[in-house]
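The values are calculated or read from the model by the stated rules, or taken from the named source; none is laboratory data. This structure is a prediction, so every number in the text was calculated from the model and none was measured. Here the Cβ is made from the backbone with ideal geometry for all residues, glycine too, and neighbour counts use every protein chain on show.
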Amino acid sequence: MDNTAASPNSAPGSPGGRASSLFQAALMVNCGWLGTSLADGVVDLPLKILLKDRLGLEASTLATFTLIGLIPIYIKPLAGILSDAVPLFGTRRLHYLLLSLVFGGIFWVMMAMVPLQAPRTGDLSRMGTPPAAAGASVSRSEAAPASPAPGENSGTTAETKPRAQQAFFILLAIYFLTNVCSTFRSTVLGGVMVEVGKLYHATGLLSAWRQALTRGVSVVTGLVVGELAKKPFLLPTSISAALHVITAAVMYRMLDEPRTAKPRHEVLLEVKRQGRQLMDSRILWAAAGLVVLVIASPGFGTPLLYHQLDTLKFSKPFIGYLGIVSALGAVVGTVIYGFVCRFWNLRQTLIVSIIFHSVMTLWYLAYRSETSAVIITGVEAMTGILAILPLYDLSARATPKGSEALGYSLMMSVWNLTGQVSDVTGSFLYDFFGKNLHPLVWINSGTTLLVLLAVPFLPAALVDHREGESRGGGLSTDGH
């Protein structure tokens, strides 16, 4: 990879090298995060509701759908290699980003075009469901045919529509393609963010800005996503597609990258060099190991949605509003972290955040009403982001110089795969415990605390200095 972002005035070919200041570079990257976060936010809940209500999926099957569909996210290093080493139409960043945005929007609209029929009892409970879930009780959405969403055609005969199993696999295939696009766009933006963060010794600060932005977007999407989940799926997917195209236009305007990059005949050697560099990086693998340990606790993201809808009878708009509460809590946590990381070193921050998050997770034992849901969602979002941000900082610090996009994408692959496996594990346990959320809360809290045993073994060079402080212990004042 060309290390062209080594300074603000470095040679062309890297968008980081075009940035004359941290503010300009952050503005450029955050415009990308803003557009893509909005585009993803308006379809996330509607897709889950579609799969649950229209296809009658159990929590474990829905989590498995997501796990498989997100496979491209888990192999981000391949996108990092292409972005760093293989130019596309003369650029290493711009055209990867533009094409992934445009096609990402197209694939979302294609998902809405898949005709669905109401599932018959057992259609999907037997289809591709692992043995652990095969004996699970049939959900109410499977027990009776689901009514078509408002505005959907209910007069078409079953013979003219794919059966539920066919629709499941068609949706899964298209969802897979949307995540291929998502992988490239986030890899490109992540690579630039790491380059700029390392240049200005501001990896934690940029990570905090990114989280504040994406969580702030959740406030906006939370206002509408519950209502969108009640509408035909074509509406939220069309909005997402429009946001993809708008973001592509904005980035085309702001990402001033000359089309001078040439294909490299030594690409395989470059891939081998970067691969050897990453494999030999003990710091990188130590950071990846801690990320796995923290994220691997059985999660209850998908089970919580089923608990809200089936047990507590929350309305879809209210679930959308909880997204706003979560976003606001996360923003508060982000602000706190942006302050704390300047005074505590990363090791101290990791220890305190893990303990705090584990203890506060137990609040979910009192998750019984709309009032308690609002309070717990806000508090848990704040403590959750305080636990996550040190891991983002750790991931950025651990990436070797010269392989920023590849290194960061590898860390995010570890993160995403572990997170989805965690959700699948939690969903199977949720079904196993008879749709009871409380055992998951205890398991999640306890296993998170166990991570503290690994923190003392992290390399001192990685975690024993504060934000804005060089590894030697001195504060950086000139950004070099």
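Laid out as a table, the results:
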quantity: Failed criterion for residue 103 (all others in (1) surrounded by fewer than 21 Cβ atoms within 10 Å (Cβ to Cβ); (2) touching a residue at least 40 places away in the same chain (Cβ under 8 Å); (3) touching a strand residue (DSSP E or B) at 6+ places or on another chain (Cβ under 7 Å) hold); calculated: (3)
quantity: Flag if residue 283 is within 22 Å of the chain's Cα centre (by Cα) and over 20 Å from residue 365 (Cβ atoms); calculated: no
quantity: Where residue 252 falls short, out of the listed (1) at pLDDT 85 or above; (2) under 25 Å from residue 329 (Cα atoms); calculated: (2)
quantity: Which numbered condition residue 259 misses (of (1) at pLDDT 80 or above; (2) surrounded by 14 or more Cβ atoms within 10 Å (Cβ to Cβ); (3) not in a helix (DSSP H, G or I)); calculated: (2)
quantity: Only listed residue being surrounded by 23 or more Cβ atoms within 10 Å (Cβ to Cβ), at pLDDT below 75 and closer than 24 Å to residue 217 by Cα, chosen from 19, 39, 25; calculated: 25
quantity: Condition check for residue 398: crowded, with 17+ Cβ neighbours inside 10 Å and either closer than 21 Å to residue 209 by Cα or among the hydrophobic types (A, V, I, L, M, F, W, C) (or both); calculated: yes
quantity: Among the residues listed as 305, 309, 328, the single one being farther than 25 Å from residue 415 by Cβ, of a type in the set (A, V, I, L, M), crowded, with 18+ Cβ neighbours inside 10 Å and touching a Lys or Arg at 6+ places or on another chain (Cβ under 9 Å); calculated: 309
quantity: Helices (runs of 4 or more DSSP H) wholly inside the stretch 298-365 containing at least 3 residues that are touching a helix residue (DSSP H, G or I) at 6+ places or on another chain (Cβ under 8 Å) and within 30 Å of residue 232 (Cα to Cα); calculated: 301-306, 316-340
quantity: Criterion (modelled with pLDDT of 75 or more and in contact with an Asp or Glu (Cβ under 8 Å, 6 or more places away or on another chain)) met by exactly one of 323, 289, 299; calculated: 299
quantity: The one condition in (1) modelled with pLDDT under 75; (2) surrounded by fewer than 21 Cβ atoms within 10 Å (Cβ to Cβ) that residue 84 fails to fulfil; calculated: (2)
quantity: Which listed residue is surrounded by fewer than 21 Cβ atoms within 10 Å (Cβ to Cβ) and at pLDDT 50 or above, from 57, 67; calculated: 67
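For every residue, the table says whether it meets (1) surrounded by fewer than 17 Cβ atoms within 10 Å (Cβ to Cβ); (2) touching a Ser or Thr at 6+ places or on another chain (Cβ under 6 Å); (3) closer than 21 Å to residue 79 by Cα.
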| residue | (1), (2), (3) |
| --- | --- |
| 269 | yes, no, yes |
| 274 | no, yes, yes |
| 286 | no, no, no |
| 297 | no, yes, no |
